[in-house]
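Worksheet for the structure shown next.
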Amino acid sequence: MSPFQKDEGFFTKDWTITLPSRPEPNLKYIRLTPNETAGFERFVEEAASRPAAKSSNTETSPVGLKASFEPGGRMQKMYIESQTQHHALDVFIYLDDRFVGWGAMYEITPPFSKPSVANIGIKLLPEVQGKGLGKTLMQLLLRLSNEVDADIIEAGTMKENASMRAIAKSVGLVESDKINFVPGRGVVADVMFENIERERWRDFDMLVELREKVVELQVSHLNTPLLDN
Ligand SMILES: CC(C)(COP(=O)(O)OP(=O)(O)OC[C@H]1O[C@@H](n2cnc3c(N)ncnc32)[C@H](O)[C@@H]1OP(=O)(O)O)[C@@H](O)C(=O)NCCC(=O)NCCS
């Protein structure tokens, strides 16, 4: 396989991605930045308060939308640190001027761990589920996982989450029965997709519009504690 040239612009700049496979004019995949903290937190609340689509189960990812953590604080901290550590990316789906979905990938092992592990999680509002958007977001995250400085990429869910297991299967991820137990949270996954073959996604077709960063925050300026991972 030819050498892969990482592009640090995915971490040092903000960006919008469109996918030739989903040419709808009002559909964009955008890097989540501290500028969208309020919109992101509204999305998290909305997603948590609404019943899941019929075909889907409650979200249970290790990168979860739990009331017990501060999603905005986590995202801001990861955004700032990722500019130099290249260990995390948050993406949201913007459809018809609405924030309808979110995917995240970030390192879950302590700094300097070997091997380092990054986890992928994904969540869509119920009304846009079942239209192929979850699968495209997963494909995009798999492509972007090639840019992330982590030795291993993985994802996880609960056995009863048929939708997550279906999209994982549809992009070729292999299940294992490993249980992921997080102290303080209990079992967060009893189906794992370990050692994901991210190299297969290096040629995923996407159009990237890089922008200069519009946010210049220091971690020390953030007063929201990181409560999750
Ligand atoms: C899991 C989730 C991201 C899936 O996204 P989605 O947009 O609903 O799924 P898609 O429409 O992209 O479906 C992709 C494929 O999975 C199949 N699929 C999706 N849900 C399914 C289900 N419940 N049962 C069987 N197949 C299903 C689709 O038919 C499609 O198959 P194809 O590739 O052969 O056409 C979404 O349902 C969601 O946000 N659920 C709540 C949060 C959650 O559980 N997140 C996962 C934890 S990390």
- Query: ASN195 fails exactly one of the following numbered conditions: (1) polar (S, T, N, Q); (2) assigned to a loop (DSSP other than H, G, I, E, B); (3) more than 17 Å from VAL117 (Cβ to Cβ). What is the number of that condition?
  - Reply: (3)
- Task: Return a yes/no flag: does region 169-184 have any residue that is assigned to a helix (DSSP H, G or I), within 12 Å of the ligand (Cβ to nearest atom) and modelled with pLDDT of 95 or more.
- Result: yes
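When region 159-168 is examined, which residues are found to be surrounded by fewer than 18 Cβ atoms within 10 Å (Cβ to Cβ) and more than 6 Å from the ligand (Cβ to nearest atom)? Steps first, answer last, please.
Our first condition is that a residue be surrounded by fewer than 18 Cβ atoms within 10 Å (Cβ to Cβ); within region 159-168, this holds for 159-160, 162, 166.
LYS159, GLU160 - these are the residues of region 159-168 that are surrounded by fewer than 18 Cβ atoms within 10 Å (Cβ to Cβ) and more than 6 Å from the ligand (Cβ to nearest atom).
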- Which of (1) at pLDDT 95 or above; (2) more than 18 Å from the chain's Cα centre (by Cα); (3) not small (Gly, Ala, Ser) is the odd one out, the single condition ASP151 does not satisfy? (2)
- Message: Just the residues that are more than 7 Å from the ligand (Cβ to nearest atom), under 23 Å from PHE40 (Cα atoms) and either of a type in the set (Ser, Thr, Tyr) or part of a loop (DSSP other than H, G, I, E, B) (or both), please, taken from region 115-135.
- Response: LEU125
- Query: Of all residues in region 37-65, which are within 14 Å of the chain's Cα centre (by Cα), modelled with pLDDT of 75 or more and of a type outside the set (Phe, Trp, Tyr)?
  - Reply: VAL44
- Task: Mind telling me which of the residues SER2, SER68 ends up being surrounded by fewer than 19 Cβ atoms within 10 Å (Cβ to Cβ), of a type in the set (Gly, Ala, Ser), modelled with pLDDT under 65 and more than 16 Å from the ligand (Cβ to nearest atom)?
- Result: SER68
- Task: Return yes or no: is GLN129 of a type outside the set (A, V, I, L, M, F, W, C) and under 28 Å from LYS6 (Cα atoms)?
- Result: no
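The values are calculated or read from the model by the stated rules, or taken from the named source; none is laboratory data. Small disclaimer: the values here were computed from a predicted structure and weren't measured. All Cβ positions, glycine included, derive from the backbone under ideal geometry; neighbour counts span all protein chains shown.
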